[in-house]
Amino acid sequence: MRIVVICALAVVNVILESTLFQYTRIYGIKPDFSIMIIVAYAIIRGSAYGAFTGLGIGLLIDMLYGRTIGINALSYMVTGYIIGQAHENVFKDSFIPSFIFNLLAVIIFQHGFLLLSYFSNNFPSMGISYVHMLLNIILPQSIYNAVIGSIVYRYIYKLDEAPFMNRRIY
């Protein structure tokens with residue numbers, strides 16, 4: 001049942017991110033709810049869940065909106081795997097780890113995305129310096145994600161602890 005819920009969350013998230021969540025921008029920066037879902041499952045279930053959730057959401061985004069298939073998928077997958085490495089050493093019932101890991105996840109994802117975009121000749125921001133992107137896009141988005149991600153993590157944690165999540169679907 002857990003896999004069905006993760007897939008449903010991913011599909012609903014991708015649909016809402018392209019429509020409704022566009023209106024959550026503050027000074028042109030919008031939170032990445034995909035990273036929030038990936039970080040939540042990476043903290044709760046470990047690096048395998050984080051990596052596969054990231055791969056699934058990334059492929060869905062790449063197929064629907066990307067110019068090159070695989071850039072988002074690989075970036076989200078690596079982010080989920082790296083964040084999931086701390087799975088056993090994190091107190092899962094607190095807001096602080098989700099805040100810190102959402103902050104780090106945006107930084108990891110954005111750097112991976114920029115590197116992959118650059119090496120695939122698909123660089124989205126010709127003429128913009130790295131320092132400008134770091135100060136005006138990456139850091140504000142990571143702070144925005146960390147604040148909202150702590151709230152989203154709490155709901156996903158409660159959803160994951162629900163009794164129906166352990167049922168098997170045959």
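The values are calculated or read from the model by the stated rules, or taken from the named source; none is laboratory data. These numbers come from a predicted model, not from an experiment. Cβ placement follows ideal geometry from the backbone for every residue including glycine, while neighbour counts extend to all protein chains displayed.
Values for this structure:
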read-out: In segment 110-132, the residues that are at pLDDT below 85 and part of a helix (DSSP H, G or I); value: Ser117, Tyr118, Phe119, Tyr130, His132
read-out: Some residue of segment 41-53 being farther than 22 Å from Tyr157 by Cα and loosely packed, with under 15 Cβ neighbours inside 10 Å; value: no
read-out: Some residue of segment 54-69 being over 22 Å from His111 (Cβ atoms) and basic (Lys, Arg); value: no
read-out: Set Val5, Val12: member being of a type in the set (A, V, I, L, M, F, W, C), without any contact (Cβ under 8 Å) to a residue 40 or more places away in the chain, farther than 24 Å from Pro140 by Cα and surrounded by fewer than 18 Cβ atoms within 10 Å (Cβ to Cβ); value: Val12
read-out: Any chance Ser150 is in contact (Cβ under 8 Å) with a residue 24 or more places away in the chain, under 17 Å from Tyr27 (Cα atoms) and not aromatic (Phe, Trp, Tyr); value: no
read-out: Residue list for segment 88-101, restricted to those being within 16 Å of the chain's Cα centre (by Cα) and surrounded by fewer than 21 Cβ atoms within 10 Å (Cβ to Cβ); value: Pro97, Phe99, Ile100
read-out: When residues of segment 59-73 are limited to those that are closer than 12 Å to Leu116 by Cβ and among the hydrophobic types (A, V, I, L, M, F, W, C), the one modelled with the lowest pLDDT; value: Ile69
read-out: Pairs where the first residue, in segment 158-169, is under 20 Å from Lys92 (Cα atoms) and the second is of a type outside the set (D, E, K, R) and modelled with pLDDT under 85, C-beta under 8 Å, 6+ apart; value: Leu159/Met165
read-out: Any hit, segment 78-100, residues being under 17 Å from Ala146 (Cβ atoms), modelled with pLDDT under 90 and hydroxyl-bearing (Ser, Thr, Tyr); value: yes
read-out: Failed item, numbered, when Ala105 is tested on (1) of a type in the set (A, V, I, L, M, F, W, C); (2) over 25 Å from Gly28 (Cβ atoms); (3) at pLDDT 95 or above; value: (2)
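Residue-by-condition table, conditions (1) β-branched (Val, Ile, Thr); (2) in contact with a helix residue (DSSP H, G or I) (Cβ under 9 Å, 6 or more places away or on another chain):
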{"residue": "Gly28", "(1), (2)": "no, yes"}
{"residue": "Leu55", "(1), (2)": "no, yes"}
{"residue": "Ile61", "(1), (2)": "yes, yes"}
{"residue": "Arg67", "(1), (2)": "no, no"}
{"residue": "Ile71", "(1), (2)": "yes, yes"}
{"residue": "Leu74", "(1), (2)": "no, yes"}
